Amino acid sequence: MGEYGQFCPVAKATEVLDQRWTLLVVRELLAGSNRFNDLHRGVPRMSRTLLSQRLHALVRAGLVDRHEGDGGPTYELTATGWELEPVLDALGRWGVRWMGSPGEEDLDPALLVWDMHRRVDSDAIPDGRTVVRLRFPDVLAALRDWWLVITREEVDVCESDPGFDVDVAIEAPIRTMVEVWRGDIGWDDALRGGLRLSGPEHLRRRVDAWFRLSEYASVPRAAATTRHPEPATPDRG
């Protein structure tokens, strides 16, 4: 961890938290992931070696506890780590308000599907097993097709066909689906702009209720003129 040589508490906190990926690992722990593989699915572009290093650093800093078990180690935030929850919430709200639309390099289907699986509304889905296939035709073939196998008890993310009949298929350009998830556009706008639903009509009509959007979807966006104000004209009078 880098040191700033300052007594300022912001500097001291930053010494622990400003390494690349660290806050995103904390984000995943706050979201409920506690096993290494699940944590990695929330940061799929992070190497597993680096994830291990960041977890060890968080343990050393007292933000995370590591517990050994029959199924392998689990990681949980300590009381100190949980105090970061409002900090990350404020940072997320600031980001969606001021950072504008994500760039093409930010449109990660693996993260999108992992986020969606965490936000399934178990009270809204039909009884029994529901299988949703997501297809993003404009991404690399290895990341194009995903399946969510949903019951009221759990939601599984599958990167290959799980072998069950698909109840509803969602096909959309990756940007369109990310914009729906972020709350930038509504489902109706997406359906007019390239999103396609396949399946029985009574399921297609309800699929938007199965997924709660990102927790930041309702955050008001700053107007473009506010984000990038024109420089003041010098008074030459």
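From the list Val64, Val131, Val59, Val113, the lone residue that is without any contact (Cβ under 8 Å) to a residue 60 or more places away in the chain, assigned by TED's automatic domain parsing to the domain that holds Glu179 and closer than 17 Å to Leu24 by Cβ is Val113.
Out of curiosity, is Arg54 assigned to a helix (DSSP H, G or I), closer than 29 Å to Trp181 by Cβ, in contact with a helix residue (DSSP H, G or I) (Cβ under 7 Å, 6 or more places away or on another chain) and not polar (S, T, N, Q)? So Arg54 passes the test. Identify, please: which residue in segment 193-237 is assigned to a loop (DSSP other than H, G, I, E, B) and hydroxyl-bearing (Ser, Thr, Tyr) and is, among those, modelled with the lowest pLDDT? The qualifying residue modelled with the lowest pLDDT is Thr233.
The C-beta contact set for segment 69-82 (first residue assigned by TED's automatic domain parsing to the domain that holds Val59 and farther than 12 Å from Glu28 by Cα, second residue surrounded by 10 or more Cβ atoms within 10 Å (Cβ to Cβ) and charged (D, E, K, R), distance under 6 angstrom, 6+ apart or interchain) comprises Pro73/Arg66; Thr74/Arg35; Thr78/Asp65. Within the set Gly62, Gly32, Gly42, the sole residue that is exposed (fewer than 12 other Cβ atoms within 10 Å of the Cβ) and of a type in the set (Gly, Ala, Ser) turns out to be Gly32. Across segment 71-90, a minimum of one residue is classified as in a loop (DSSP other than H, G, I, E, B) and of a type in the set (Ser, Thr, Tyr). Note on segment 120-150: residues that are touching a Lys or Arg at 6+ places or on another chain (Cβ under 6 Å) and loosely packed, with under 13 Cβ neighbours inside 10 Å amount to 2.
The values are calculated or read from the model by the stated rules, or taken from the named source; none is laboratory data. The model shown is predicted, which means the values in this text are computed figures rather than measured ones. Because the Cβ atoms are built from the backbone with ideal geometry, glycine has one as well, and the counts that use them run over all protein chains shown.
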